[in-house]
Amino acid sequence: MLAETICSAAAVAGLGIAAITAYRKRFLSAARIAAYALVPLGLVMIGAVDWIAGTAFSPVAWAGFGVLGGAWLLFSSTRAVERRRAGRKETTGGAEQAAVAPAASSRAVAPKPQAGSAGQSGRPAGEDFSDIEAILKKHGI
């Protein structure tokens, strides 16, 4: 009963502050303050405050929070171990190397054609994709 009274008083005070803000011609701020002020009132009206008060004094609820905390701790510790193992494989090289497309690796070491030979478009054959190659090299591809 006390929680509902406090939430209602907070809502009324917030709406009063919103009215003063609107009187000062700051309507956007006033609307935002009114929205925040109506949240506690809405929580009281849907019964969330009673549920929270009942949960706060329930030993079963606190045991449930403990179980959830333990599950989160277990999950996060297994993720940390998994990341640490993945980091070791990358630094030692491991038996498995990173997958590289065969065509991509052959293009990277393929010799460039000479600039003196002209293609069908009148431009040298080596310059057809030079701007694209420059972009790719810039991004490390």
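The values are calculated or read from the model by the stated rules, or taken from the named source; none is laboratory data. Keep in mind that this is a model prediction, so the values were computed, not measured. Heads up, the Cβs are rebuilt from the backbone with ideal geometry, glycines too, and the neighbour counts pull from every protein chain shown. These accessible areas exclude ligands, DNA and RNA; they are computed on the full protein's heavy atoms, side chains included. Shrake-Rupley method; radii C 1.70, N 1.55, O 1.52, S 1.80 Å.
The table below lists the values:
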quantity: Count of residues meeting criterion [within 23 Å of Phe65 (Cβ to Cβ), surrounded by 14 or more Cβ atoms within 10 Å (Cβ to Cβ) and hydrophobic (A, V, I, L, M, F, W, C)] in segment 25-54; calculated: 3
quantity: Residue in segment 1-19 that is open to solvent by less than 50 Å² (accessible area, probe 1.4 Å) and among the acidic types (Asp, Glu) present; calculated: yes
quantity: Qualifying residue in segment 70-88 (condition: part of a helix (DSSP H, G or I) and in contact (Cβ under 8 Å) with a residue 40 or more places away in the chain); calculated: no
quantity: Those residues of segment 20-33 which are over 36 Å from the mean Cα position of the chain (by Cα) and assigned to a helix (DSSP H, G or I), in sequence order; calculated: Ile20, Tyr23
quantity: Test for Thr55: is it hydroxyl-bearing (Ser, Thr, Tyr), modelled with pLDDT under 90 and at negative phi; calculated: yes
quantity: Residue match in segment 89-96 (condition: modelled with pLDDT under 90, of a type outside the set (Gly, Ala, Ser) and not in a helix (DSSP H, G or I)); calculated: yes
quantity: Cβ-Cβ under 7 Å pairs, at least 6 apart or on other chains, segment 1-26 side in contact (Cβ under 8 Å) with a residue 12 or more places away in the chain and of a type in the set (Ser, Thr, Tyr), far side in a helix (DSSP H, G or I) and surrounded by fewer than 16 Cβ atoms within 10 Å (Cβ to Cβ); calculated: Thr21/Ser29
quantity: Residue check for Ala22: open to solvent by less than 90 Å² (accessible area, probe 1.4 Å) and modelled with pLDDT of 85 or more; calculated: yes
